[in-house]
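Novice: Handing you a structure now.
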Amino acid sequence: MNLTLRVWRQSGRDDAGRMVTYQVEDVSPDMSFLEMLDVLNERLIVEGDDPIAFDHDCREGICGMCGMVINGVAHGEQRATTTCQLHMRHFEDGATITIEPWRAAPFPVVKDLVVDRSAFDRIIQAGGFVSVPAGSAPDAHSVPVRKEDADAAFDAATCIGCGACVAACPNGSASLFTAAKITHLGLLPQGQPERLSRAKAMVDQMDAEGFGGCTNTGECTAVCPKGIPLDAIAQMNSDYLKANTK
Amino acid sequence: MKYSEGPEIRDTKAPSGPVEERWEKRKFSAKLVNPANKRKLNVIVVGTGLAGGSAAATLGELGYNVKSFCYQDSPRRAHSIAAQGGINAAKNYRGDGDSIYRLFYDTVKGGDFRSRESNVYRLAQVSVNIIDQAVAQGVPFAREYGGLLDTRSFGGAQVSRTFYARGQTGQQLLLGAYQALERQVAAGTVTMHTRHEMLDLIVADGRARGVIVRDMVTGEIERHLADAVVLATGGYGNVFFLSTNAKGCNTTAIWRAHERGAYFANPCYTQIHPTCIPVSGEYQSKLTLMSESLRNDGRVWVPLRMNDTRAPGDIPDEERDYYLERIYPAFGNLVPRDIASRAAKNVCDEGRGVGPGGLGVYLDFRDAIARLGRPAVEKKYGNLFEMYERITGENPYDVPMRIYPAVHYTMGGLWVDYDLQSTIPGLFVIGEANFSDHGANRLGASALMQGLADGYFVLPTTIGDYLAAGPFGDVDDEAVAEAEIRVRTKIDRLLAVNGTRTPDSFHRELGKLMWDYCGMERTEESLRKALERIPELRKEFWENVKVTGTNEELNQVLEKAGRVADFFDLAELMCLDALVRTESCGGHFRAESQDADGEALRDDEHFAHVSAWEYTASGEPVLHKEPLEYEYVKMTQRSYK
């Protein structure tokens, strides 16, 4: 396959940035999207050009480090897939592919396709945990958990924190990310004592970071590589409301 | 490569007495630090996987002043996150005959009698606390309808002791540790430094006192000082270029600590995981594991005939060779990883491999789907099947998976004593970065167990014994300056070469060489060849590598070049270690040492020891042997037949 890539290049936070066009040839359909960029970067290095910076690590769809907007869609058009798990067999020979970083004010561009997502860590710091110091736990079987609750909590807990939800949201909202953690812990008996204070603290932090509000457009869940359902946000809003009226 | 032999290591600091009382004894004898003093004690933890994340969080909870570092943009991304199958614990919730002693026994046997009994027994004891801790944190383990935890069986065990969260156990456990860590960040006990890479260890007056790190966004070289340093920087499987590790996993932190004086133990012990997706082309950047848990229900086979090109569905049962079930009737598809991997290599070497290039075997769910129904199989393995389809474009519900072994884990690592302290006082090493507990082969679902045992329960106790004598006062300026100069010199040197080959192209070549000569099967000849070729390639690297850009920016080429440089040096030591150990054991298979059936043949008379290598400036390492004694588990030739 031969492809034309239009890639966002930005040398640092203060650079205005621009789209740059590259031709890549002999792309195998079995390559992953990132392997295709590796091949381009190897060429750029040999030619003495600055290779395209992008975040990636596990390359198996679980660490949440990679993420780019491909042809206008976070992680590309294939549903429930991270960028690293996207393969070139889903593109046509001769296609032009546009590649951009996540764009949201709370995710400033560091370089090229690399953005700063530390706001997510601060949302977790605000309350995305159960306060249980090591060594203080009772026997695991002392509290049975309904299988349905455990399964639903797991579904919310599969969030990889990649930030595609924010990139896709017209409001730049982090609601799906925040709601996933609130729902995961809020469904389990172990998460009950801090349930409402957690929801309040996390939502307040999300707002403080400059993320927008949720208007139920559902773009977030459509691009989510783990398919976190939209009703997590309803759960978050319900807990947040209770916390504020208590 | 020349080496010499130094004095044996006789004292590992493990208490004596009955094995089940040793950890209790050590906990009681360890000095305590008064809570008011803990605030004055600074600890650096490098790496935020299961071991590092849980250690930093726990040390913070105890009141120490902790600095945590990771190269990723968030501590939640460390590669523990990718562990799929599960975590072992001797809970015996099934009543199927499991016990702490049995987990201990299985682990010592699974490690092919090359681990320490004291350490392994402690690991089995602590395993039960890990499950309690994780559940209390809200880790959503799989459950039965009665609300209790579900378990499954894993390779190398005949009981069901593996707790799991669908195929994402590592993710869920890591997020538990990450959340505990972020809680401490909020509490102010832990300061987090993301996108920072450790490039050297500061040793002053014989103690580890800090690290030199590079801010990967600005390029700034920073010095961080402390009373103790904990390395939790993972394994070095990426020396092979292609492995199941994350792309960023590297040996730099432990290698540079080794250069500062920490012994490196059993570097040749590499685990090749039997169930990975086969390589599809030259551009391949990493290999993806398919959880070993799949071997619970999937049956491994190849065609009986050589070069059989029929589609798998067209090959009738009597023309299939379910070779694991045939050769190992007692354990069948659940034999330990090293055995399953070599068996796959053997059938492929016989010309019976499947898929492009004949480097693959089938992992077939046809019978499981017929027996349990597709929904049950989907529930258990749904996400793994999806992952397989995404990568290969084939649907494993209809056609059997194709799998092949790939480098997955390194049992070797920095040498540590019973307290997890290295040969440099004040330098502790935990998780995959150390060598302890797994011997020559790690059992499935034991990596998560060890990482969390070290981080939540063992290190926080033993480090206190060391820190009780602190704070250790000001750090000698000269030692800090020296470390910083070493780092800057290396970076400048890499930037100055301006050759014609990329760091990745060297890494690929080194990895291929290691896979061919120091991979699943090693011979004296192959290792000698590797030891000849590695220095040549390293020389070319330092004369011809091309690193674009400058230090003072986000520069992924520079990061990579520094890591590859260290992989060269490590690769050489791995091959030397493999050459010196003329026996086969666990993941280390020397073709010269096998029995009549082609199984690994240990040489207990000459090799029942840990090989701990000391770095010397002359480049000629010194070998220190730590004898291994077995009081409880009788040394026998492993048999899974």
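Novice: Given only helices, namely DSSP H runs of n ≥ 4 each adding -39500 (n - 2.57), what is the per-residue ellipticity at 222 nm of chain B, to the nearest 500 deg cm²/dmol? Don't skip to the end; give the middle numbers.
Specialist: On the way: 18 runs with 230 residues, N = 641.
For chain B, the value works out to -11500 deg cm²/dmol.
Novice: OK, next. Of all the C-alpha pairs in chain B, what % are more than 46 Å from each other? If you can, show how the numbers build up before the last one.
Specialist: Values: 24946 of 205120 pairs.
Looking at chain B, the distances longer than 46 Å represent 12 percent of pairs.
Novice: Next question, about the same structure. To the nearest 20 debye, what charge dipole does the protein assembly as shown have about its Cα centre, counting +1 at the Cβ of each Lys and Arg and -1 at the Cβ of each Asp and Glu? List each step's numbers first, then the result.
Specialist: Numbers: 97 positive and 121 negative charges, 392 e Å.
Taking the Cα centre of the protein assembly as shown as origin, the dipole is about 1880 debye.
Novice: Given springs between every Cα pair under 10 Å in a Gaussian network model of chain A, which of A:Ala232, A:Ala167, A:Ala74 has the largest fluctuation?
Specialist: A:Ala232
Novice: Can you tell me the order of A:26-38, B:29-41, B:242-254 when each peptide is scored by its average per-residue count of other Cβ atoms within 10 angstrom, highest first? Before the final figure, lay out the partial values.
Specialist: Values: A:26-38: 20.0, B:29-41: 13.4, B:242-254: 25.5.
Highest-to-lowest ranking by the protection proxy: B:242-254, A:26-38, B:29-41.
Novice: Still on this structure, please answer the following. Can you give the angle from 0 to 90° between the axis of helix B:477-497 and the longest principal axis of chain B, with both taken from C-alpha atoms, to the nearest 10?
Specialist: 50 degrees
Novice: In segment A:72-177, which GluC sites (Glu not before Pro) are in a loop and have at most 14 other Cβ atoms within 10 Å, using DSSP for the loop call? The partial results should precede the final answer.
Specialist: Values: sites: A:Glu77, A:Glu92, A:Glu148; in loops: A:Glu77, A:Glu92.
Answer by residue number: A:Glu77, A:Glu92.
Novice: Let me check against my output: what whole-number percent is the relative contact order of segment A:3-100, with C-alpha pairs under 8 Å and at least 6 apart?
Specialist: 35 percent
Novice: Pairing the Cα long axis of helix B:374-392 with the longest principal axis of chain B, what angle in degrees results, from 0 to 90 and rounded to the nearest 10?
Specialist: Orientation of helix B:374-392: about 70 degrees from the principal axis.
Novice: Along the Cα→Cβ direction, 7 angstrom out, place labels at B:Asn346 and A:Thr96. What is the inter-label distance in nm?
Specialist: Going by the 7 Å Cα→Cβ label model, 5.8 nm.
Novice: Measuring with a 1.4 Å probe in the full set of protein chains, what accessible area per residue, in whole Å², belongs to segment A:119-172? Could you put the intermediate results ahead of the total?
Specialist: Working: 1720 Å² over 54 residues.
Accessible surface, normalised per residue, equals 32 Å².
Novice: Can you give the relative contact order of segment B:1-112 as a percent, counting alpha carbon pairs under 8 Å and 6+ residues apart? Walk me through the numbers on the way to the answer.
Specialist: On the way: 85 pairs, mean separation 18.8, N = 112.
Rounded, it is 17 percent for segment B:1-112.
Novice: Now for a different question. Can you give me the angle between helix B:503-518 and the longest principal axis of chain B, using Cα atoms only, in degrees from 0 to 90, rounded to the nearest 10?
Specialist: 60 degrees
Novice: Given H placed 1.01 Å from N in the peptide plane, which residues other than close sequence neighbours of B:Leu628 have an amide H under 5 Å from its amide H?
Specialist: B:His609, B:Val610
Novice: To continue, here is another question. What is the dipole size for segment B:273-408, taken about its Cα centre, with +1 at each Lys and Arg Cβ and -1 at each Asp and Glu Cβ, in debye to the nearest 20? Mind showing how you got there, number by number?
Specialist: On the way: 18 positive and 20 negative charges, 65 e Å.
Result for segment B:273-408 is approximately 320 debye, rounded to the nearest 20.
Novice: Express the accessible area of segment B:7-148 per residue in Å², computed with a 1.4 Å probe while the remaining protein chains stay in the model. Don't skip to the answer; put the middle values down first.
Specialist: Working: 4780 Å² over 142 residues.
It amounts to 34 Å² per residue over segment B:7-148.
Novice: Points 7 angstrom from Cα along the Cβ direction at A:Glu77 and B:Asp308: gap in nanometres?
Specialist: Simple spin-label model gives 4.1 nm for this pair.
Novice: Cut-off 15 Å, label point 7 angstrom out along Cα-to-Cβ of A:His141: give me the residues of segment B:134-171 whose amide nitrogen falls inside.
Specialist: B:143-152, B:160-163
Novice: Here's another thing I want to ask about it. What does the buried accessible surface come to for A and B, summed over both chains, with the probe at 1.4 Å? Round to 100 Å². If you can, show how the numbers build up before the last one.
Specialist: Values: alone 12150 and 23860 Å², together 29870 Å².
Separately minus together, A and B give about 6100 Å² buried.
Novice: How much FRET efficiency would the formula 1/(1 + (r/R0)^6) give for B:Glu318 and B:Arg39, where r is the Cβ-Cβ distance and R0 is 60 Å, rounded to 0.05?
Specialist: 0.25
Novice: Cross-link candidates for A:Lys181: which lysines have Cα within less than 18 Å, leaving aside residues fewer than 8 places away along the same chain?
Specialist: Straight-line reach from A:Lys181, under 18 Å: A:Lys200, A:Lys226, A:Lys242.
Novice: Moving on. Which entries of B:Lys529/B:Lys634; A:Lys147/B:Lys38; B:Lys345/B:Lys539; B:Lys286/B:Lys625; B:Lys40/B:Lys247; B:Lys286/B:Lys546 have Cα-Cα distances beyond 31 Å here?
Specialist: On the way: B:Lys529/B:Lys634 37 Å; A:Lys147/B:Lys38 42 Å; B:Lys345/B:Lys539 33 Å; B:Lys286/B:Lys625 35 Å; B:Lys40/B:Lys247 37 Å; B:Lys286/B:Lys546 22 Å.
Exceeds cut-off: B:Lys529/B:Lys634; A:Lys147/B:Lys38; B:Lys345/B:Lys539; B:Lys286/B:Lys625; B:Lys40/B:Lys247.
Novice: Please report the Cα spread of segment A:3-100 along all three principal axes, rounded to whole Å, starting with the longest.
Specialist: 33, 29, 23
Novice: OK, next. Kindly provide the GluC sites (Glu not before Pro) of segment B:296-381 that DSSP labels as loop, not H, G, I, E or B, and whose Cβ sees at most 14 other Cβ atoms within 10 Å. If you can, show how the numbers build up before the last one.
Specialist: Numbers: sites: B:Glu318, B:Glu319, B:Glu325, B:Glu350, B:Glu378; in loops: B:Glu350.
Qualifying residues, ordered by number: B:Glu350.
Novice: Additional query: For B:Lys31, give me every one of the aspartates and glutamates with a C-alpha distance below 13 angstrom, ignoring sequence neighbours fewer than eight places off in its own chain.
Specialist: B:Asp419, B:Asp465
Novice: Assuming R0 = 30 Å, what is the FRET efficiency of B:Ser4 and B:Asp474, from their Cβ-Cβ distance, to the nearest 0.05?
Specialist: Working: r = 37 Å, r/R0 = 1.22.
Rounded to the nearest 0.05, the efficiency is 0.25.
Novice: In nm, to one decimal, how far is the B:Thr636 label point from the B:Val580 one, both placed 7 Å along Cα→Cβ?
Specialist: 3.2 nm
Novice: While we're here: For segment B:320-357, list residues with backbone N below 19 Å from a point placed 7 Å from the Cα of B:Val279 toward its Cβ?
Specialist: Answer for segment B:320-357: B:341-357.
Novice: Specify, per residue and in Å³, the volume enclosed by the convex hull of the alpha carbon atoms belonging to the protein assembly as shown. Present the calculation step by step, with values, prior to reporting the outcome.
Specialist: On the way: hull volume 136.4 nm³, N = 887.
It comes to 154 Å³ per residue, whole-number rounded.
Novice: Considering all alpha-carbon pairs of segment B:273-408, what whole percent are spaced by more than 23 angstrom? It would help to have the intermediate numbers written out before the result.
Specialist: Details: 2524 of 9180 pairs.
Here the long-distance tail beyond 23 Å is 27 percent of all Cα pairs in segment B:273-408.
Novice: A follow-up question, please. Using the heavy atoms of the protein chains alone and a 1.4 angstrom probe, what is the accessible area of segment B:387-535 per residue in square angstrom? Walk me through the intermediate numbers first.
Specialist: On the way: 4660 Å² over 149 residues.
Per-residue value: 31 Å².
Novice: At a 1.4 Å probe, what is the % contribution of carbon and sulfur to the accessible area of segment A:172-246? Display every interim value, and only then the final one.
Specialist: On the way: 1650 of 3050 Å².
Answer for segment A:172-246 is 54 percent, counting heavy atoms of protein chains only.
Novice: Hey, another quick one. Given an 8 Å cut-off on Cα distances and at least 6 residues of separation, report the relative contact order of chain B as a percent. Don't skip to the end; give the middle numbers.
Specialist: Details: 1416 pairs, mean separation 137.6, N = 641.
The value is 21 percent.
Novice: Identify the residues of segment B:489-528 with backbone N under 20 Å of a label point that sits 7 angstrom from the Cα of B:Ala591 along the Cα-to-Cβ direction, or state none.
Specialist: The answer is B:511-528, whose backbone nitrogens lie closer than 20 Å to the label point.
Novice: Could you point to the residue in B:Gly358, B:Ala208, B:Pro35 farthest towards the positive end of the protein assembly as shown's charge dipole, with +1 and -1 charges on the Cβ of Lys/Arg and Asp/Glu respectively?
Specialist: B:Pro35
Novice: Now, a different point. Could you give the size of the charge dipole of segment A:52-172 about its Cα centre, using +1 on the Cβ of each K and R and -1 on the Cβ of each D and E, expressed in debye and rounded to the nearest 20?
Specialist: Working: 9 positive and 15 negative charges, 39 e Å.
My answer is approximately 180 debye.
Novice: Which one, B:Ser74, B:Gly85, B:Leu59, projects farthest toward the positive side of the charge dipole computed for segment B:36-91 from Cβ point charges (K/R +1, D/E -1)?
Specialist: B:Leu59
Novice: Which translational diffusion coefficient, to the nearest whole µm²/s, is obtained for segment A:180-246 from the Stokes-Einstein equation, given a Kirkwood hydrodynamic radius over C-alpha pairs, 37 °C and 0.692 mPa s? Display every interim value, and only then the final one.
Specialist: Numbers: Rh = 12.6 Å.
D, rounded to a whole number, is 261 µm²/s.
Novice: Let me ask something else. Ranked highest first by the average count of other Cβ atoms within 10 Å around their residues, in what order do B:304-314, B:422-432, B:567-577, B:144-154 fall? Walk me through the numbers before you get to the answer.
Specialist: Values: B:304-314: 11.8, B:422-432: 26.9, B:567-577: 23.6, B:144-154: 17.2.
Top of the packing list down: B:422-432, B:567-577, B:144-154, B:304-314.
Novice: Continuing with the same structure: Can you give the average number of partner chain beta-carbon atoms within 10 Å of each beta-carbon in peptide B:172-185, as a whole number? Walk me through the numbers before you get to the answer.
Specialist: Details: counts 5, 0, 2, 10, 4, 1, 5, 11, 6, 4, 9, 10, 3, 4.
Counting other chains' Cβ atoms within 10 Å and averaging over B:172-185 gives 5.
Novice: I'd like the antiparallel share, as a percent to the nearest 5, of DSSP beta bridges with both residues in chain B. Please list the in-between numbers first.
Specialist: Values: 45 of 66 bridges.
The answer is about 70 percent antiparallel.
Novice: Calculate the mean, over all residues of peptide A:30-43, of how many other protein chain Cβ atoms lie within 10 angstrom of the residue's Cβ.
Specialist: Details: counts 8, 5, 8, 0, 3, 6, 1, 1, 6, 3, 0, 5, 7, 1.
Across A:30-43, the average partner-chain Cβ count within 10 Å equals 4.
The values are calculated or read from the model by the stated rules, or taken from the named source; none is laboratory data. No experiment lies behind these values; they were computed from the predicted model shown. Please note: Cβ atoms are built from the backbone with ideal geometry, for glycine as well, and neighbour counts cover all protein chains shown. Side chains are part of the model used for accessible areas, which takes the heavy atoms of the whole protein and leaves out ligands, DNA and RNA. Shrake-Rupley method; radii C 1.70, N 1.55, O 1.52, S 1.80 Å.
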